[in-house]
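The values are calculated or read from the model by the stated rules, or taken from the named source; none is laboratory data. Keep in mind that what you see is a predicted model, and the values were worked out from it rather than measured. Every residue, glycine among them, receives a Cβ derived from its backbone with ideal geometry; neighbour counts consider all protein chains shown. For accessibility, only protein heavy atoms count, side chains too; no ligands or nucleic acids. Shrake-Rupley method; radii C 1.70, N 1.55, O 1.52, S 1.80 Å.
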Amino acid sequence: MSKPAFSFEFFPAKTEQGHEKLLSTYDELNKLSPAYFSVTYGAGGSTRSRTLDIVQALSTRGTTEIAPHMSCIGDDKSEIAELLEYYKTLGIRRLVALRGDLPSGQVGMGELPFAVDLVKYIREHSGDHFHIEVASYPEMHPQARSFEFDIDNLVNKYQAGANASITQFFYNADSYLYLRDKLEKRGIDTVAQPLVAGIMPITNSSNLLRFADSCGADIPRYVRKQLTDFGDDRKAIREFGFDVVYRLCERLIAEGVPAMHFYSMNKVEPNKRLVEALGLTA
């Protein structure tokens, strides 16, 4: 059985100290030979300058591909075009195309209101220059009208030109496998157009529960109960969390997952530990 590819997500640091720490984290995780690093982008471009700074820094720091997130809601085509041209000058060949969140107080969705519109526009503007990843939701997008509607939306993004999709994090492997089966039945070849499993390591119970509640990701009852029982015992949370995520990844690998994208939270551990324990390194 071939090993799945793996990659890591970073978010732009807010301080100079955080920026330097992120560069150090990149250096450590890059030694594992990931396929790429993605860099997130704030609502309505609220972290645009920080995103551009870290993308530029990382693109010249090593040879591993950097994949900037791009959101479209509230932006016009000229702003998107300018960003695409800038990324070309940096040698960027991979993007994560997202709708994004409407900034507080903003009225109107802009010229490209949905991720499918952004994917179409990137293809119109830049042809096949960029490998485009989009988002997918094994447990349904929290704003979707229904699960079938959410599947339709994902299929439309693939058909518009997306090369692959990265899932929201999940802890129930069956939700990923169900989504994969639904895509296959809709004619999406999930080998040629991979469904990448988004993996969130568990290190902090309050942060995890907050993230899950905000994005509609399900935390299994037994995980919630254990995390609650551990209270402030950080070591116990880390060890339990490692075991939960390791077993999830093992199941996914056994089921033939093509790739895993680790939401690193800008940390070396436990991402390095998981990748090494799973035997993913070259």
query = For Asp243 and Glu276, what does the FRET efficiency come to when R0 = 22 Å and r is the distance between their Cβ atoms, rounded to the nearest 0.05?
reply = 0.90
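Which whole-number percentage describes the relative contact order of segment 151-282, with Cα contacts under 8 Å and a sequence gap of 6 or more?
Reported relative contact order: 30 percent.
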query = Kirkwood Rh, Cα Rg: Rg to Rh for segment 98-197?
reply = 0.98
message = List the residues, sorted by chain then number, that are 5 or more residues from His131 or on another chain and whose placed amide H is less than 5 Å from its amide H.
response = Arg94, Leu95
query = Who wins for biggest fluctuation among Tyr86, Tyr171, Tyr41 in a Gaussian network model of the chain, springs between alpha carbons below 10 Å?
reply = Tyr86
inquiry  = Using alpha carbons only, how many angstrom separate the centre of segment 118-142 from the centre of segment 181-230?
reply    = 20
message = With a 10 Å cut-off between alpha carbons and a GNM built on the chain, which of Leu52, Leu83, Leu177 moves the most?
response = Leu83
query = List the lysines whose alpha-carbon lies under 23 Å from that of Lys21, not counting same-chain residues fewer than 8 positions away?
reply = Lys31, Lys235, Lys267, Lys272
ask   = Using heavy-atom solvent-accessible surface (probe 1.4 Å) with all chains present, what is the largest-first order of Phe240, Phe170?
value = Phe240, Phe170
message = Using the basic label-point model (7 angstrom from Cα toward the beta carbon), what is the Tyr86 to Thr60 distance in nanometres?
response = 1.5
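Full extension from Asp218 to Ser146: what is 0.36 nm times the residue separation minus their Cα-Cα distance, to one decimal in nm?
Details: separation 72, 0.36 × 72 = 25.92 nm, distance 1.62 nm.
Gain on extension, Asp218 to Ser146, equals 24.3 nm.
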remark   = Share of Cα-Cα pairs in segment 138-282 beyond 17 Å, whole percent, is 62
message = At a threshold of 8 angstrom on Cα-Cα distance, excluding pairs fewer than six apart, so keeping six or more, what relative contact order does the chain reach in percent?
response = 21
inquiry  = For segment 216-282, I need the span (max minus min coordinate) of the C-alpha atoms along each principal axis, in Å, sorted largest to smallest.
reply    = 37, 24, 20
Reduced Cα scattering model of the chain, Debye log10 I(q)/I(0), q = 0.11, 0.12, 0.16 Å⁻¹ = -0.63, -0.76, -1.42
